[in-house]
Amino acid sequence: MIGAMSDPLGNSLPARRPTVRRPGDTIFQFLTTASGLAIVLSIVLIGVFLLLKAVPSLAADQANFLLSPNFVTTGGKLAFGIRDLFVVTVLSSVFALVIAMPVAMGIALFLTQYAPRQLARPFAYIVDLLAAVPSVVFGLWGIKVFGPVLEPLERWLNGNLGWFPLFANGNVSISGGGTIFTAGVVLAVMLLPIITSVSREVFQQTPTMQIEGALALGATRWEMIRTTVIPFGRSGYIAASMLGLGRALGETVAVLIILRSAPEPSRISLFDGGYTFASKIASAASEFTEALPTGAYISAGLVLFVLTFVVNAIARWIAGGRVHRP
Amino acid sequence: MAKRIDIKGLNLYYGRFHAVDNVTLSIPPRNVTAFIGPSGCGKSTVLRSLNRMHEVIPGATVDGKVLLDGEDIYDAGVDPVEVRRTIGMVFQRPNPFPTMSIRDNVVAGLKLAGVRSKSRLEEVCERSLRGANLWEEVKDRLDRPGGGLSGGQQQRLCIARAIAVQPDVLLMDEPCSALDPISTLAIEDLITELKKDYTIVIVTHNMQQAARVSDMTAFFNLSGVGRPGQLVEADDTEKIFSNPGKKETEDYISGRFG
């Protein structure tokens, strides 16, 4: 196989002949290869760093790392588990994605298919501007402005649909809106520009001849979108959503500000409070003086790293496996 | 089924650009009418105005009448979606829906029109593919994507898709320009068969093709760059190619263009 000196039938193929190489090409090839290697190397080094620092603390952990809801690293005792961090992280991020995905698709379709050209450009610019708002501002806005606005809705859902586990009573009070529900909605707003801008790009690239083919068959505008634009952009849209999910999983400050700390373990409800991986680590940043307690947080970071990695891998798999291009 | 088209005083615009000037032309049913002329003379634009595809382009507008068996398709109360369901179109490059199977491609128009019955869809699928001379080649792989076929097969798939809804008229915009000679021949044979049932209008750059397949030929020309295209003359194909009424037509056909 290596060297490719024979074809699939076993006949030997001629070797590549020596040829003139320009020095510019050699230098440029070296630079690009080095950049490529640097990114791979840094990912590997981050992984190794997390692992090395986490292992001693994991060995000293007196609680079940995966299943314990408590995270105790003070008073000379190490008893930490990531169950609740995992639940809060995944719940808030997935909830955010569930809200953001349809809205982002709506915006992207509006911008590419419905909006008049003069309007589409400034509108797209405004959506992109959302990405420029610092997350700490989103956090402040979420807890001071948006949380209280959502509070009546949260109460109504809790009161009327409380039989559904996600809307059951959580481990914090709804008043003020310091819940996963609020955090999820704010995260959704933060994801919109990411998912929208990528989706807009892919929807935009639907070949005109596909669009005209559908219209000429007597498709209405919406039917045309359904038969050509959405199938064409689907893999890109899903990949964009997974990119957004990765962003939501790692979001720190906004979630830290919004979520109320919880006195009890998670009840797997949207009206829980608590910490995500990222917000837990950030909240303890001032205490990273001793190696073992710090290692506990690093091991939480390692899990987040793996989680994000898996989400990205799924995104690649979806985008790579189901791309239909003419 | 096959209906006649009467174009009356048709002017077409792209924004402020006057693309086609004052075309009046009658297209008989169960006939092949070819539009020929140099690039930019507006023949494709006229074709696209016959099923209201012209207005799909932003800024494009229409003035004048296009009567389909006496009824103006540009009347205020007419739904363009309905017009396109009764006037099928085949494009320059084959454009099957790449994510759909061959079967779904063929019946896409029927599904859009709300037909749900499985047996009816099956029946139409086979009839249309047979009608497009493609059935024998694809009957064993109807579930495979349409994009996997060769260019000529894809174009016949597009023709099958267009005739599946049994349109009154079939418009073809240079349907062979992206195909090799053998596929071209297959499409031309198909056109000759289809004219028994449909009114066919075909735009072509290939004069031999116009001479081979059409009964009537309309020659379009433009007097200069930036000027609107015009219909020079339309007559029986035989007459246009042997004894055209205008010097302009004769020059174009004999290759002494300009």
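The values are calculated or read from the model by the stated rules, or taken from the named source; none is laboratory data. Remember, it's a predicted structure, so these values are computed and weren't measured experimentally. Glycine gets a Cβ as well: all are built from the backbone with ideal geometry, and neighbour counts include every protein chain shown. Just the protein is used for accessible areas: all its heavy atoms, side chains included, with ligands, DNA and RNA removed. Shrake-Rupley method; radii C 1.70, N 1.55, O 1.52, S 1.80 Å.
Looking at segment A:246-272, which of its residues are open to solvent by less than 20 Å² (accessible area, probe 1.4 Å) and either of a type in the set (A, V, I, L, M) or closer than 15 Å to A:VAL189 by Cα (or both)?
Filtering segment A:246-272 down to residues open to solvent by less than 20 Å² (accessible area, probe 1.4 Å) leaves A:246, A:248-249, A:251, A:254-255, A:258-259, A:266, A:269-272.
If the condition is that a residue be open to solvent by less than 20 Å² (accessible area, probe 1.4 Å) and either of a type in the set (A, V, I, L, M) or closer than 15 Å to A:VAL189 by Cα (or both), then A:GLY246, A:ALA248, A:LEU249, A:GLU251, A:ALA254, A:VAL255, A:ILE258, A:LEU259, A:LEU270 are the ones that fit.
Any idea how many residues of segment B:93-141 are of a type in the set (Lys, Arg), out of contact with any helix residue (DSSP H, G or I) (no Cβ under 8 Å at 6 or more places or on another chain) and within 14 Å of chain A (Cβ to nearest Cβ)?
Looking only at that region, the number is 0.
When you look at B:THR24, is it within 14 Å of chain A (Cβ to nearest Cβ), among the β-branched types (Val, Ile, Thr) and either in contact with a Gly (Cβ under 9 Å, 6 or more places away or on another chain) or open to solvent by 10 Å² or more (accessible area, probe 1.4 Å) (or both), yes or no?
Judged against the criteria, B:THR24 is not a match.
How many of the residues making up segment B:155-186 are more than 14 Å from every other protein chain (Cβ to nearest Cβ), outside any helix (DSSP H, G or I) and under 14 Å from the mean Cα position of the chain (by Cα)? So that I can check it myself, show each step before the final result.
Pass one, segment B:155-186, residues more than 14 Å from every other protein chain (Cβ to nearest Cβ): B:156, B:176, B:179-186.
From what's left, outside any helix (DSSP H, G or I): B:176, B:179-180.
Checking which are under 14 Å from the mean Cα position of the chain (by Cα) leaves us with B:176.
Total satisfying the criteria: 1.
Going by what's in this entry, would B:VAL90 be described as within 23 Å of B:PRO175 (Cα to Cα), open to solvent by less than 10 Å² (accessible area, probe 1.4 Å), in contact (Cβ under 8 Å) with a residue 12 or more places away in the chain and more than 10 Å from every other protein chain (Cβ to nearest Cβ)? First the steps, then the outcome.
Values: within 23 Å of B:PRO175 (Cα to Cα): yes; open to solvent by less than 10 Å² (accessible area, probe 1.4 Å): yes; in contact (Cβ under 8 Å) with a residue 12 or more places away in the chain: yes; more than 10 Å from every other protein chain (Cβ to nearest Cβ): no.
In short, no.
Hand me the list of helices (runs of 4 or more DSSP H) wholly inside segment A:116-196 holding 3 or more residues that are within 23 Å of A:LEU256 (Cα to Cα). I'd like the intermediate steps shown before the answer.
Numbers: elements: A:117-130, A:135-141, A:147-160.
Qualifying helices (runs of 4 or more DSSP H): A:135-141, A:147-160.
As an exercise: evaluate B:MET53 against (1) more than 14 Å from every other protein chain (Cβ to nearest Cβ); (2) open to solvent by less than 10 Å² (accessible area, probe 1.4 Å) and give the number of the one condition it does not meet.
Failed condition: (1).
Hey, any hits in segment A:7-29 for a residue that's assigned to a loop (DSSP other than H, G, I, E, B), in contact with a Phe, Trp or Tyr (Cβ under 9 Å, 6 or more places away or on another chain) and at pLDDT 90 or above?
Going residue by residue through segment A:7-29, those that are assigned to a loop (DSSP other than H, G, I, E, B) are A:7-11, A:13-22.
Next, from what is left, pick out any that are in contact with a Phe, Trp or Tyr (Cβ under 9 Å, 6 or more places away or on another chain): none.
Among the residues of segment A:7-29, not one is assigned to a loop (DSSP other than H, G, I, E, B), in contact with a Phe, Trp or Tyr (Cβ under 9 Å, 6 or more places away or on another chain) and at pLDDT 90 or above, which makes the answer no.
Open to solvent by 40 Å² or more (accessible area, probe 1.4 Å), closer than 28 Å to A:LEU215 by Cβ and of a type in the set (Asp, Glu): which single residue out of B:GLU238, B:GLU136, B:GLU188, B:GLU193 fits that description?
Values: B:GLU238 fails: closer than 28 Å to A:LEU215 by Cβ; B:GLU136 fails: closer than 28 Å to A:LEU215 by Cβ; B:GLU188 fails: open to solvent by 40 Å² or more (accessible area, probe 1.4 Å).
Result: B:GLU193 is the single residue among B:GLU238, B:GLU136, B:GLU188, B:GLU193 that is open to solvent by 40 Å² or more (accessible area, probe 1.4 Å), closer than 28 Å to A:LEU215 by Cβ and of a type in the set (Asp, Glu).
Output the qualifying pairs, or none if there are none: Cβ atoms under 8 angstrom, residues six or more apart or on different chains, first residue in segment A:204-218 and more than 7 Å from every other protein chain (Cβ to nearest Cβ), second residue open to solvent by 10 Å² or more (accessible area, probe 1.4 Å) and in a loop (DSSP other than H, G, I, E, B).
Close Cβ pairs (under 8 Å, with a partner that is open to solvent by 10 Å² or more (accessible area, probe 1.4 Å) and in a loop (DSSP other than H, G, I, E, B)) amount to A:PRO207/A:PRO326.
For segment B:217-229, does any single residue satisfy the condition of being more than 14 Å from every other protein chain (Cβ to nearest Cβ), in contact (Cβ under 8 Å) with a residue 40 or more places away in the chain, assigned to a loop (DSSP other than H, G, I, E, B) and open to solvent by less than 20 Å² (accessible area, probe 1.4 Å)?
For segment B:217-229, residues more than 14 Å from every other protein chain (Cβ to nearest Cβ), in contact (Cβ under 8 Å) with a residue 40 or more places away in the chain, assigned to a loop (DSSP other than H, G, I, E, B) and open to solvent by less than 20 Å² (accessible area, probe 1.4 Å): absent.
Are any of the residues in segment A:83-99 more than 25 Å from A:PHE305 (Cα to Cα) and among the basic types (Lys, Arg)? Walk me through how you get there before you give the answer.
Residues of segment A:83-99 that are more than 25 Å from A:PHE305 (Cα to Cα), as a first pass: none.
No - not one qualifying residue is present in segment A:83-99.
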